[in-house]
Amino acid sequence: MTSYLNVNGRQHAVEADPATPLLYVLRGELGLNGAKYGCGLGQCGACTVMVDGKAVFSCLMPVRALAGRAITTIEGLGDVTTPNPVQQAFQEVQAAQCGYCIAGMIMRAQSLLETNAAPSDEEIRVHMQPNLCRCGTHSRILRAVRSASDKLSLKGSPAGTK
Amino acid sequence: MNIGRRHVQTLLSGLAVSALCGGLFAAWYVYEPALDRISRPERSAFDMGTVKKGEQLATVGDCIVCHTAGNGPPFAGSRPLPTPFGTLYSTNITPDERTGIGNWSQEAFARALKQGVSRDGSHLYPALPYEHFTHVTDDDIRSLYAFLMTRQAVVADVPENKLLPGLGFRPLLAGWKMLFLHRGGFAPLAGKTEAWNRGKYLVDGLAHCGGCHTPRNIAGGEKRGSEFAGGLAEGWIAPPLDRSNPSAGRWTEASLFAYLKNADNGSHGIAGGPMGPVAEGLSKLDDADVSAIALYIASVMGREGATPDDGPAIDNAQSASTKHPEGADLFRGACAACHEPGSAMSQQGRLPLSALTSVRMADPANAASAVMMGIPAPSGGGNLMPSFSSAMSESQVADLLQYVRARFTNGSPWKDTEGAASSARPEDER
């Protein structure tokens, strides 16, 4: 059975069983390897992507629930030469140690800044809570989100996508 | 004509006199004097043993849950309490003299708990469960006072309540109390053990279990004669604690004890929704008191001395996926990693969905709440079960719930699962 997914603004026909979680389709069929498999149980956030602007765990997101919805992965934000403001802030603050959680962290931060460009530190902490980093760079990650927010709210523009 | 007029005059003056008498009676009934301010008692004025006892009792009463805002300082109030009559904000019960209860005497504190009257003489809303606290002994109230007066004083003003028009007029509450506040101490039942009576004293009094687990009437009073028949709490159904509990067969004194003490014991689902913080509070209570509560509740449920007799797990996988193919796909993609028989979580001694009260009960509200809001970890750090409110539409959650109901129970299909999903949507996403 063919399903149609809108990923980063492009329409894709995918053949996976409609019960398949999005993560496996992104990585296996579409070659988008940014989102990572961490726990497969919605407990760590390494697989976080955005669906209709909201952060979701792609490991628990059945393809069947995605018809007509806009999926954004980290590949849709920017790339090495033209990072988006959130990616850039994570680079500047050197928020990654091993980096496995970072794509998920950036996607969760992006979903916050798209609806609230100038969150308080408390709002950032609460919003980022579902995503875990085993290396322990949480404080740098929070600093990166703060820094991205400060730049974006200074410019008064919403968190840009590519 | 003349006679008629005289009659009217008599009637009018009669009415005026009775209105005046009624008014005077009402004014007398409503009136409560302000009690004098005291200066905040020194910590040294309280004996440590009394303070420690008060700490245990405050744990039974779970004062901290309502009187602490999300991430706020303990007991400093401001937590919004949604009710059918509007939103109340809990008060600051730290010993700050201006914004808390620092200048309340013990007499004022006891009157607030047992009669629902503030130090300044104004009536308190029954969100403070004085219907229950009226049964608490004076000695226990003295200990609670000692505990609260020795907490960290926090300066914190509380927001104004947002109630339906007219309900901000507190003298009305005197009428409410006349109808629903049944004053009186606790009388132990002869022929019952000391532990049973202790359990009843705690359950009916400080623990105020009936506050959620007893249905309320249209004026918000607990229905007499329907004690523990099940009620509502913050959009969740507080299941019946009497014989009509849908999982009665699973409950024993031992499993009730483990559930209340540890929130999760492998013989029952975990404490979810507003029961989560209650179980977290009870984890700090002396085992003897938790046992007494478990014993009393078991007896209300008709399970005193019982052993589990629940029957085998139900799994109608085939017929459920024929009936609800979309729900079956959603379940495989979103839920199976934890809830499919044989999944990693079910290998850890967690129960199949067919054992859960939320799946067995005739109303889908709790199952919908768990899916839409997730189940927060008791420590407040993250979720045990994630929320699916951004992952699926309400109609998809509705179909998923129908599938779960058909697969894991032999009960009749749920009605209006989409409505249940919509009501369970977290407030900040509406």
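Scan the stretch B:174-200 for residues that are open to solvent by less than 20 Å² (accessible area, probe 1.4 Å) and under 20 Å from the mean Cα position of the chain (by Cα) and the total you get is 3.
If you go through the stretch B:295-307 one residue at a time, do you hit one that is open to solvent by 10 Å² or more (accessible area, probe 1.4 Å), touching a Leu at 6+ places or on another chain (Cβ under 7 Å), within 14 Å of chain A (Cβ to nearest Cβ) and not in a loop (DSSP other than H, G, I, E, B)? Checked the stretch B:295-307: no residue is open to solvent by 10 Å² or more (accessible area, probe 1.4 Å), touching a Leu at 6+ places or on another chain (Cβ under 7 Å), within 14 Å of chain A (Cβ to nearest Cβ) and not in a loop (DSSP other than H, G, I, E, B). Selection within the stretch B:322-335: residues that are surrounded by fewer than 18 Cβ atoms within 10 Å (Cβ to Cβ) and free of Cβ contacts under 8 Å to residues at least 40 places away in the same chain. The member of this set that is farthest from the other protein chains (Cβ to nearest Cβ) is B:322. Put simply, of A:28, A:38 the only residue that is more than 19 Å from residue B:330 (Cα to Cα), in a helix (DSSP H, G or I) and assigned by TED's automatic domain parsing to the domain that holds residue A:69 is A:28.
Would you mind stating whether residue B:100 is buried (at least 17 other Cβ atoms within 10 Å of the Cβ), under 20 Å from the mean Cα position of the chain (by Cα), farther than 21 Å from residue B:275 by Cβ and at pLDDT 95 or above?
no
Inside the stretch B:343-394, residues that are of a type outside the set (A, V, I, L, M, F, W, C) and either more than 13 Å from every other protein chain (Cβ to nearest Cβ) or outside any loop (DSSP other than H, G, I, E, B) (or both) make up a count of 17.
Filtered by the rule that a residue be open to solvent by 20 Å² or more (accessible area, probe 1.4 Å) and either without any contact (Cβ under 8 Å) to a residue 12 or more places away in the chain or on the phi > 0 side of the Ramachandran plot (or both), the stretch B:119-140 gives a lone residue, B:139. How about the stretch A:10-57: which of its residues are small (Gly, Ala, Ser), in contact with an Asp or Glu (Cβ under 8 Å, 6 or more places away or on another chain) and facing chain B (nearest Cβ under 7 Å)? Passing the criteria: only A:19. Against the list (1) open to solvent by less than 40 Å² (accessible area, probe 1.4 Å); (2) over 25 Å from residue B:423 (Cα atoms); (3) touching a helix residue (DSSP H, G or I) at 6+ places or on another chain (Cβ under 7 Å); (4) not in a loop (DSSP other than H, G, I, E, B), the condition residue B:255 fails is (3).
The values are calculated or read from the model by the stated rules, or taken from the named source; none is laboratory data. Values in this document were obtained by computation on a predicted structure and should not be read as measured data. With ideal geometry, Cβ positions are generated from the backbone for all residues, glycine too; neighbour counts draw on all protein chains shown. Surface areas here come from the heavy atoms of the whole protein model, side chains and all, with no ligands, DNA or RNA. Shrake-Rupley method; radii C 1.70, N 1.55, O 1.52, S 1.80 Å.
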